[in-house]
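There's a structure below that I have some questions on.
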Amino acid sequence: DGIQLIYQKLISILEGEGVETIPAEGEFNPNIHEAISQIDHSSVESGHVVEVMRQGYKIGERIIRPALVIVAR
């Protein structure tokens, strides 16, 4: 329980400072995503994100850390 409380406090502090998660679903955008791999995927359209390996963050329009994603070929 203690770790969960610390985690929630950290998240609330970051949100208070304006830190937001980068939406990683949908079409690949090289400005906010960093592709680490491409795979063939039958149910996802080419050029769209298949899986998020590491969540990305931004403050306003400034990217702190791009999201690491796998993209459909």
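The values are calculated or read from the model by the stated rules, or taken from the named source; none is laboratory data. Predicted model only: the values in this text are computed from it and were never measured. We place every Cβ from the backbone using ideal geometry, glycine too, and count neighbours over all the protein chains shown. Accessible surface is based on the protein model in full, side chains and every heavy atom, while ligands, DNA and RNA are left aside. Shrake-Rupley method; radii C 1.70, N 1.55, O 1.52, S 1.80 Å.
Rundown of residues vs (1) open to solvent by less than 80 Å² (accessible area, probe 1.4 Å); (2) in contact (Cβ under 8 Å) with a residue 40 or more places away in the chain; (3) assigned to a helix (DSSP H, G or I), yes/no style:
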residue	(1), (2), (3)
5	no, no, yes
11	yes, no, yes
20	no, no, no
24	yes, yes, no
31	no, no, no
42	no, no, no
53	no, no, no
70	yes, no, no
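Still on this model: Out of the residues in region 18-51 that are closer than 11 Å to residue 71 by Cα and of a type in the set (S, T, N, Q), state the one that is nearest to the chain's Cα centre (by Cα).
Here the answer is 29.
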